[in-house]
Each structure stands twice: as structure tokens, then as C-alpha cells.
Amino acid sequence: MEMNHIRRGAGKPLLLIHGIGGSWRSWQTIIDVLAIEREVIAVDLPGHGDTPPLNGATTIATLSDAVTDFLGENNLTGVDVVGSSMGARLVLELARRGGAVGGVVSLDPGGFWQGWQIPFFYHTVNLSVKLVRLLQPVMPQITRSAVGRSLLFAQFSARPWRIPPKVALDEMRSFAESPVFDELLSNLAYGEAQKGTAKSSIKKPLIIGWGRRDRVCLPSQARLALEKFPDAQMHWFDRCGHFPQLDKPAETVRLILDGLNGEEIVRAAR
């Protein structure tokens, strides 16, 4: 299917896939820097941003199918890909299936929670989005305030007061407006478990990045992610929450560019 997307820069293509309730604007803190070295394609997944929902169920499986179709229709099969949160799980699923994507960077992927972590994830995020919807009439005023951003993003960011006001407003708008948010949240928490791969089955770069202060996908879940994807290289972001592109944009850029080039990953100063 065709998905709304933007393209920036020139060079080897790089696809960016946002998380639940997001849009291509979820990457605006790093997209222009990435575009200095790569042609960056950032999509709105079905039911997000300016892309209409799928006909039928919206699940990890159907979104993976939609992305695969998009890649084929746009001559992008085999492209390097970066995903965030739910998008991070999507890119791992695409890597598991084989053939659709090249190198993969998965930032704080969902889907590796167990036991009590499942209802914790579901109910905390569900409460957050309900509050965001209620606050939409005053969201511009709230996101202009460092205190307001700190309250809104406390679950998602280790340093929410530093998020640019426009970025914060765009995220809060897209969360509230996605018609598939509730369906996807339920599928993420209670749907089919993420399958893994056998060791040495993935030959392209496969990197999982995780914030040490992630309060959505808890850092302890990284162990299961590595068990299911034993070919992955793990990178930890210090003093970072669920969205490294917000808390550690410079380090995220270097992780993406260096990691996909097979180079040693060095932490950026900020």
C-alpha cells in the first residue's frame, strides 16, 4: 500500500519507522542530521499521520506486511531501516522474515515484556493517552512550558524539559489523533508474541539500542530481546528514556550511521 512519507537528503536510502501513535515527525530531532549522509525516508504507518488505516485489523503482522509492500512498490526492498518503540519491534520482525530489509537499528523495542510487565505496559500507556486526549484543547500552552513537557513526557523521557516545544506538541497531537492507537496497544500487549531467529541467521548489521531509564519497555526486557535475536549487538544509552532520538539525538545519529556501516559505536558527548 502507499504510505505518506517524506524524503530528505541524498545517498544510500535509510527508512525510519515511528512508534505507536507517532508519525514521520517523531524523527524531526535527528532527520536533518541523518540526511547529511543518507537519503532518509520517514513514513507514516497506516492509521498514523496522513496515512489512512488498513482495511481490516491493525496488528504487528499486518503493519509488517504493509511496510513490506511499500518497500516493494517504491523500489526500496533491502533498505537499511531504523525503528522506534513499536516501530523497533516492526523492524525486528522484518529482519526475522528476511529479504525485505538490510541493516536494522531497533530503538527500545516493544514486545519483550513478560508476566506483570504486560499489564504494567498496557495500563500505564492507556492512561497516558487518555490524559493526552483530554488535554488537547490546552496542549499548545502545556507544551510551551518546560514544566508541562516534564509532566507530559515523564514516562517517556529522562530529560523531558529539554524536548523542543514543537516536537512535544507534534507528538501529543499525533498520539491523540491516531484512529488505531487503542487497537494497536491491545495487540502489542496481548497479541501474538514476537518470534525470534536462530543464531547466525541474520548477516546484515542488527543493533538494538536501549535507554537505561526506559519506563515503557523496561531495561530488563533487553535480555529476552537478545535471546530471541542472538545476532544483535546491544547498545545502552545512559541517562536516556524510551526515545533516544529525544534524549540523546547526537548519540542516536552516530549509532545509526556507524552501526549500519559496521563501524565501532562510540557514545556521543551529549
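Here is how the numbers come out for the structure above:
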quantity: Number of positions in the range 23-64 that are charged (D, E, K, R) and farther than 30 Å from ASP258 by Cβ; calculated: 1
quantity: Single residue of SER85, SER150 found to be small (Gly, Ala, Ser) and free of Cβ contacts under 8 Å to residues at least 12 places away in the same chain; calculated: SER150
quantity: Residue count for the range 235-270, restricted to those that are among the hydrophobic types (A, V, I, L, M, F, W, C), modelled with pLDDT of 95 or more, under 19 Å from ALA222 (Cα atoms) and surrounded by fewer than 22 Cβ atoms within 10 Å (Cβ to Cβ); calculated: 1
quantity: Residues located in the range 202-228, provided they are surrounded by fewer than 14 Cβ atoms within 10 Å (Cβ to Cβ) and either aliphatic (A, V, I, L, M) or modelled with pLDDT under 95 (or both); calculated: LYS203
quantity: Wholly enclosed helices (runs of 4 or more DSSP H) of the range 20-120 bearing at least 2 residues among the small types (Gly, Ala, Ser) and closer than 22 Å to GLU251 by Cβ; calculated: 86-97
quantity: Residues within the range 39-65 that are touching a Pro at 6+ places or on another chain (Cβ under 7 Å), on the phi < 0 side of the Ramachandran plot and surrounded by 19 or more Cβ atoms within 10 Å (Cβ to Cβ), tallied; calculated: 4
quantity: Long-range neighbours under 9 Å by Cβ, at least six apart or interchain, first residue farther than 26 Å from LEU169 by Cβ within the range 31-60, second surrounded by fewer than 23 Cβ atoms within 10 Å (Cβ to Cβ) and of a type in the set (Ser, Thr, Tyr); calculated: LEU54/THR62; GLY56/THR62
quantity: Any pair with Cβ under 9 angstrom, 6 or more apart, that starts in the range 192-203 at a residue that is free of Cβ contacts under 8 Å to residues at least 60 places away in the same chain and in a loop (DSSP other than H, G, I, E, B) and ends at one that is among the aliphatic types (A, V, I, L, M) and surrounded by 13 or more Cβ atoms within 10 Å (Cβ to Cβ); calculated: none
quantity: Where a residue in the range 245-256 is of a type in the set (Gly, Ala, Ser) and its partner, wherever it lies, is at pLDDT 95 or above, with Cβ under 9 Å and at least six apart; calculated: ALA250/ILE30; ALA250/VAL33
quantity: Residue in the range 154-175 that is part of a loop (DSSP other than H, G, I, E, B), within 24 Å of VAL79 (Cβ to Cβ) and in contact (Cβ under 8 Å) with a residue 24 or more places away in the chain present; calculated: no
quantity: Residue under evaluation ASP65, criteria (1) touching a residue at least 24 places away in the same chain (Cβ under 8 Å); (2) closer than 20 Å to SER178 by Cβ, criterion not met; calculated: (1)
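The values are calculated or read from the model by the stated rules, or taken from the named source; none is laboratory data. Computed from a predicted model, the values in this text were never measured in an experiment. Counting neighbours? That spans all protein chains shown, and the Cβs are built from the backbone with ideal geometry, glycine included.
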